[in-house]
Every structure is written in structure tokens, then in C-alpha cells.
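Remarks on the structure that follows.
The values are calculated or read from the model by the stated rules, or taken from the named source; none is laboratory data. Bear in mind the structure is a predicted one, so any value in this text is a computation, not a measurement. Here the Cβ is made from the backbone with ideal geometry for all residues, glycine too, and neighbour counts use every protein chain on show. Just the protein is used for accessible areas: all its heavy atoms, side chains included, with ligands, DNA and RNA removed. Shrake-Rupley method; radii C 1.70, N 1.55, O 1.52, S 1.80 Å.
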Amino acid sequence: MASGSPSLLEEELSCPVCSEIFRDPVVLSCSHSFCKACLQQYWDQKGSLECPVCRRRSSKEHPPISLSLRNICEMFLKEKSQRAKAGSEVLCSLHSEKLKLFCLEEQIPICVICQTSKKHENHKVRPVQEAAEEYKEKLRTALAPLQEKLEAFNAVKLICDQTAEHIKSQAQHTERQIKMEFENLQLFLKEEEAARITALREEEEQKRCMMKEKIEKMTEEIASFSEQIRALEQELGAEDISFCTLGDPEKVSGALIDVAKHLGNLKYRVWEKMLGTVQYTPVTLDPNTAHPELSLSEDLTSVRRSDERQQVPDHPERFDTGWCVLGSEGFSSGRHCWDVELGDGVWAVGVVKDSFSRKGGVNLSPAAGVWSIGLCDGKYRALTSPLTRLTVQRDLQRVRVQLDWDRGEVSFSDPSDNTPLYTFKHSFTERLFPFFVGIVRICPLKVSVSVK
């Protein structure tokens, strides 16, 4: 053990927590070393497994003791103790010689006489300083892959932390939207309730007034008849009696409240009227797939460029290049159709297979699992390989996408006059999702009710 600079070596072998020579030293994945007891006490106080130096979280709750470092520390303490007894000399307890060597077999410091003894016969030895550097290098080499793995775990943890925050934000935003939609429905029902009660009250008032007029008229007629009866009774004693003809009272009809009009099929008629306030789109967009520079409408039916790149978790399902977004529902059978209103600039619409990679460069070709048409370089094209020029009579405002999964067809047409644009044929083997690039809007369908 070199004794020329003990203070520097002592600093290297000191625990950062207690500033004493390591006792049962443990090495964290971040390469920092501590006394086992000091580290445990620090963790107990902090309540987490973070490194006292760099604050990185330890991947192990019980890090292993480094036997090599412990032996070097014990050797240093022993040497220091001997120096205290023998001045500047570090002596072997058996031979009173300097401990200049380190036995690799026994993992202890020895003197030159120990090396020639029977106990250390044929043992490999190294100078103490060389052995110390060798073991430090081994520790550094062993820590390198652990450090890389730690960085990978930290990167994944960061994504998990971002995802947790995004989940909270998504839940809060979605809850607000749900409440708003139900408040609108409740407002509609309250207004409809008020309108129907108002109609009932108006009918009640109208028929009450009618009955009041009828009662007043009947009262007058009854009074008239009573007067005539009294007059006739007086004339009974006279010789000449003239009889008057009395008309029958007017029958009362249509005076009751038309209950059937107000209550008949009430729920159905309210629901039928409600259809005029709602809309249905055959496809809604999935915000979890949208490129960070895209912003979706609250009802998830349209997409536009965002003013700034949104801070969203970079999950495998999200596109990181190209202004791409998918529909929220995939299809693995049957026939499906949706109309897309096209915005300004470059666009593409079609379908994409579920396993399509959404990271890196986006290859929009059937070979990559995308069947679409679009506007690129100012021309309408089917995105085949090579591209196929489309013949159109006028600029497209909308495009109709029709998927027949079972027959293996994806066709495109102009819904304004049903002009065919292009048809792909392919034997599909996996689920397909609606696919959109650029600024687009899914057109709602007209909702109708038929009673059978």
C-alpha cells in the first residue's frame, strides 16, 4: 500500500455520508459507494431509494456488499493503525515488514516475506496500488452495463410519468366533455318539457275560458227559462193559454283536455325530435394516434394543425412523422363507408393495417399496408408504387371511402355525383383502420327513424 499520499487515498475510500472509511461498502448502479448502515439510515429518513449524491433511484433495495472494496478498506485501516504505532512505517503483523503486496487468492495485503511463505506459495500477488486500481477498473466495467440499463429504465419511467399526467389530463377533459354533452341533453329535455307543459296550460286556459262562456250562456238561458215557467204558471188560471216552444240545450263536446295528444308516445316523439339536435358520424378520430402537431375537435370528427407541438406521451400507437391520425374503430369484416371533407394543402385518406409502423418515415403504399388516395404536388393521385394519376373533372371537395373487407376492396369516389376515382384490390388478413393525413373532417350522416 502506497503511503506517499494517504490523505488522497483516504478521501477515495471515505463514505460520502459519514466521511469515514467504508464499513461494509455497497456500490449503487450509479457507481457511488456508501457504508451499508449509512445508506440504509439515509433511505429510512428520505423514504425513497435514491442515491445521496446524484439522487438517482436505486434499482435494488438491498445492494450487494463489494468484498474487494471492503478488503481494501480493511487493509487501509490496518495499515493506518500500524502507521500510528510505527510512525510512517506500515508493517506486517507477522514479519514487521511493509505491506507492499496484495494476495489475489486470499484477498489480503501481505509483505514480501509473506509472499515466500508456505501459506502464500504459488499465490498470485500484485503491488497494493496496482491491485486497488485493478479492482476499481473491474467495478467500473461491471457498472457500465448497469448504468446503461439504469438509463433505459429512467427513460421508460419518464415516459410512464408523462403518461400518468396525460391520463389524468385526458380523464379530466373527457369528464368535462361528457358533463357538457349531458347538460345539453338535459337542457333540451327541460326546454321540451317546458314547451309541452306550456302547450298543456294554453289548452287548459282555452278550454276553461270556453267552458266559462258556455256556463255563462247556460246560466242566462236557465234564468230565461225560469222566468217563462213562472209566467206560464200564472197563466194557468186564464182561459186563453199560449204555449211557447223551448229549444234543447246545446250539448257539450270537445271541452276536455286532449290527454292523448300530450301523453301519446311522449318518449318516442321527444326522442324523434331530439334526433334533430344530434349528429352521427360513421368514423371518429383516435387522439392517441394523432401526430403531436395535430389538434382534434372536441367531438373527434375533424383535425387541424396545432399552433404548437403538443406535449403528449410518445407511445407506439402515435405517429411521430407526417400529419397522420387514425379512426378510433378498426374493421376486420363487413362493408363500411364514410365521407371526408377535404381541407387546404396536402391530404390523404384511406385505410391502414393494424400492424403498420407509426414511427419514422411513413411509407404510404399498399406494400407497407396503406391503401389511400391523396393530393400531392398539386395533383390527385392513388398512392400506389409508383403513384397513379387520378382523372377528375373538378377539384375534389369531399371523398367517399368504401371498404368491403370480405371482398378485399377499398374504393374511392366523389360523393357529389358518385364519380368513381380509384379502387384497390387486396386479400386483407388483419384489422384495418380509417387513415387520414392533413386537415380533414368526417362528414355526419343524416339520421332518420322508421317504425315497423
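At a glance:
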quantity	calculated
Interchain or long-range residues, amide H under 5 Å from TYR380's placed H	LEU390
Alpha-carbon Debye profile of segment 52-154, log10 I(q)/I(0) at 0.20 Å⁻¹	-1.00
In Å², nearest 10: area of VAL399 left accessible to a 1.4 Å probe	0 Å²
Residue order for CYS209, CYS103 - accessible surface, 1.4 angstrom probe, largest first	CYS209, CYS103
Between segment 314-369 and segment 138-161, the alpha-carbon center distance in angstrom	35 Å
Carbon/sulfur fraction of accessible area - the chain, other protein chains in place, 1.4 Å, %	52 percent
FRET efficiency, 1/(1 + (r/R0)^6) with R0 41 Å, evaluated for ALA164 and VAL447 via beta carbons	0.60
Local electrostatic count, PRO434, Cβ distance below 10 Å [Lys/Arg +1, Asp/Glu -1]	-2
3J(HN,Hα) from dihedral phi, segment 396-403, Karplus parametrisation 6.51/-1.76/1.60, rounded to Hz, x for glycine, proline	7, 9, 9, 9, 9, 10, 10, 10
SER48 - accessible surface, heavy atoms, 1.4 Å probe, Å² rounded to 10	30 Å²
Relative contact order (%) - segment 61-210, alpha-carbon pairs under 8 angstrom, separation at least six	12 percent
Under-5 Å amide H pairs with GLY350, H placed in peptide plane, nonlocal only	PHE435
Percent of C-alpha pairs per 10 Å bin, segment 343-452, short to long	13, 45, 31, 9, 2, 0
Table column - 3J(HN,Hα) (Hz), segment 340-345, Karplus curve with 6.51, -1.76, 1.60, x for Gly and Pro	10, 8, 9, x, 7, x
Efficiency of FRET from Cβ geometry, LYS118 and GLU12, R₀ 35 Å, rounded to 0.05	0.55
Aspartates and glutamates with Cα under 15 Å of LYS124, excluding same-chain neighbours fewer than 8 positions away	GLU105, GLU106, GLU134
Solvent-accessible area of GLU216 with every protein chain in place, 1.4 Å probe, in Å² to the nearest 10	100 Å²
Label-point gap, in nm, between GLU105 and GLU221 - each point 7 angstrom along Cα→Cβ	13.7 nm
Solvent-accessible area per residue for the chain (1.4 angstrom probe, square angstrom)	64 Å²
Point-to-point label distance, TRP43-GLU205, nm (Cα→Cβ direction, 7 Å offset)	8.0 nm
Using distinct alpha-carbon pairs, which all enter the 1/r mean, Kirkwood radius of segment 88-245 in Å	28.4 Å
Positive-end extreme of charge dipole, segment 386-452 - chosen from SER416, LEU396, VAL447 (charges on Cβ)	VAL447
Solvent-free Debye scattering, log10 I(q)/I(0), computed from the Cα coordinates of the chain at q = 0.08, 0.10 Å⁻¹	-0.78, -0.90
